[in-house]
Amino acid sequence: MQSSIPADEVHGAVEETVAANEGASKSFKVMVIDDSKTIRRTAETLLKKEGFEVITATDGFEALSLIADHQPDLILMDIMMPRLDGYQTCALIKHHRVFRHTPVVMLSSKDGLFDRARGRVVGSDNYITKPFTREELLSVIEQHTANAEKQ
């Protein structure tokens with residue numbers, strides 16, 4: 001014996017599921033790519049406290065597969081990493097048609113003009129010097145969330 005569920009109940013349940021998924025997809029996703037466990041954890045903790053969804057990766061190779069899976073709204077990336085450095089990873093992201101508009105913020109312990117310029121050449125959108133403060137991190141993310149809302 002089959003039980004029948006009224007159509008309006010099914011329709012309501014589908015609407016609730018779609019609304020829940022839309023809400024989940026609207027949370028701002030930030031990817032943190034750094035070979036330093038301390039930097040990854042610090043950024044992750046700060047960002048999660050502010051309500052961001054955080055995805056972490058230890059190097060550029062790991063990050064590239066995670067970017068495709070999670071489609072982050074913003075990427076924070078260390079410059080000096082093993083296997084594939086931040087410049088190379090940023091260039092690959094910015095040359096991909098799906099992710100070219102994803103903001104990439106370079107993280108570096110170097111505060112030199114050359115490093116900033118090289119980051120711009122490969123397509124980075126911003127630059128933060130490590131160690132960063134909570135305010136610096138949130139400020140740069142706020143700039144990009146505001147830009148995303150305008151589009």
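Is the C-alpha gyration tensor of segment 28-150 telling us rounded, prolate or oblate? Criteria: a/c under 1.5 is rounded; beyond that, a/b larger than b/c is prolate, otherwise oblate.
rounded
FRET efficiency for Leu84 and Asp111, Cβ-Cβ distance as r, R0 = 22 Å, nearest 0.05?
0.45
What residues have an amide H closer than 5 Å to that of Val32, excluding those fewer than 5 places away on the same chain, when H is modeled at 1.01 Å from N in the peptide plane?
For Val32, whose amide H was placed from the backbone, the distant partners under 5 Å are Ile55, Thr56, Ala57, Leu76.
Of the cross-linked pairs Lys29/Lys110; Lys49/Lys110; Lys29/Lys94; Lys48/Lys110; Lys49/Lys130, which ones have a Cα-Cα span greater than 22 Å in the structure shown?
Correct reply: Lys29/Lys110; Lys49/Lys110; Lys48/Lys110.
Kindly state, to the nearest 0.05, the FRET efficiency for Gln71 paired with Arg41, given R0 = 22 Å and r defined as their beta-carbon distance.
Calculated value: 0.45.
What is the spin-label model distance, in nm, from Ser27 to Glu50 if the labels are put 7 Å beyond Cα along the C-beta direction?
1.6
For segment 96-107, in order, what is each residue's ³J(HN,Hα) by Karplus, 6.51 cos²θ - 1.76 cosθ + 1.60 with θ = phi - 60°, in whole Hz (x at glycine and Pro)?
8, 4, 6, 10, 4, 9, 6, x, 10, 10, 7, 10
All of the numbers you see were taken from the coordinates with simple rules; none came from a lab. Predicted model, so just to flag it, every value in this text is computed and none were measured. Virtual Cβ from ideal backbone geometry, glycine too; neighbours counted across all protein chains shown.
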